[in-house]
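Asks: For reference, the structure I am asking about is given below.
No value in this document is a laboratory result; all are computed from the given coordinates. What you see is a predicted model; the values in this text were computed from it and never measured. Glycine gets a Cβ as well: all are built from the backbone with ideal geometry, and neighbour counts include every protein chain shown.
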Amino acid sequence: MKFSTAVINASLLATAALAAPLTAKRQARNVARSSSGRQSNPPFIPGTDSVLHLNKTSHEEYSSNWAGAVLIGTGYTAVTAEFTVPKPTLPSGASSNEQYCASAWVGIDGDTCSTAILQTGVDFCIQGSTVSYDAWYEWYPDYAYDFSGISISAGNVIKVTVDATSKTAGTATIENVSTGTSVTHTFTGGVDGDLCEYNAEWIVEDFEENDSLVPFADFGTVTFSSAEATDGSSTVGPSGATLIDIEQSNKVLTSSSVTSNSVVVKYV
């Protein structure tokens, strides 16, 4: 996913780097990926570079980059959902010369756990009349990486799944249900941060590119259906999750809601 990491704070990143030194191969991947500057981040308090830490309440929270639902607890090892790929449009007052984007993903951790996020999803962007899509996977604080071997179009039904086999290993899978194509990336260790398994998420994000949030696209509505998380030996839905919406420049840009098996995020 495109990483919205403006800052998780230098000390956290330094700690992560010390805890999991990068191999030469991984450093080369980072250099290659960082040239495009795409990152996903934890939720930030609107107007700041401080991470918004949710507190497992029913009260809606606001961030500058996350909208959707976050379950807070312990032992989350898998998250999945399906959604129909939207066709983004330019928001009111947009410049046709700029690219506007949003990203829909599922993930483990990233809020009350600040050391890692295992996530996978789809970016949707528009510039002028040109719309594009990218499928990606990420183990934050490393960069996001694009999947190859899968194509995505507006109207496709996409199933996204992350599965942690340990706190340093797991898989990220994207299946285009409409075309019957599926891709998986396996993390076998050597990651830059350990999962806590505290959070399960269904999120639409305004990701970061080159150290700033990208202009946010009007994505219409993203509905995460068949939304489930694995908690120990149980399967749970998003009911009871903390809702979060995007606020930028004192304006709320999204509206999120939740049922026992779905999360709906609307651009407003």
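Asks: Applying 1/(1 + (r/R0)^6) with R0 = 45 Å to the Cβ-Cβ distance of THR235 and SER95, what FRET efficiency is obtained, to the nearest 0.05?
Replies: With R0 = 45 Å, the Cβ-Cβ based efficiency is 0.50.
Asks: Distance in nm between label sites at THR259 and ASN210, each 7 Å beyond Cα in the beta-carbon direction?
Replies: 4.2
Asks: If a/c stays under 1.5 just call it rounded; otherwise compare a/b with b/c (prolate if a/b is bigger, oblate if not). Do that for the range 10-267, with a ≥ b ≥ c from the square roots of the Cα gyration tensor eigenvalues.
Replies: Since a/c stays below 1.5, the shape of the range 10-267 is classed as rounded.
Asks: Let me ask another. Reachable aspartates and glutamates from LYS167, Cα under 13 Å, same-chain residues fewer than 8 places away excluded?
Replies: ASP109, ASP192, ASP194, GLU197
Asks: Run the simple label-point estimate for LYS251 and SER178 please: 7 Å along Cα→C-beta, distance reported in nm.
Replies: Label at LYS251, label at SER178, 2.9 nm between them.
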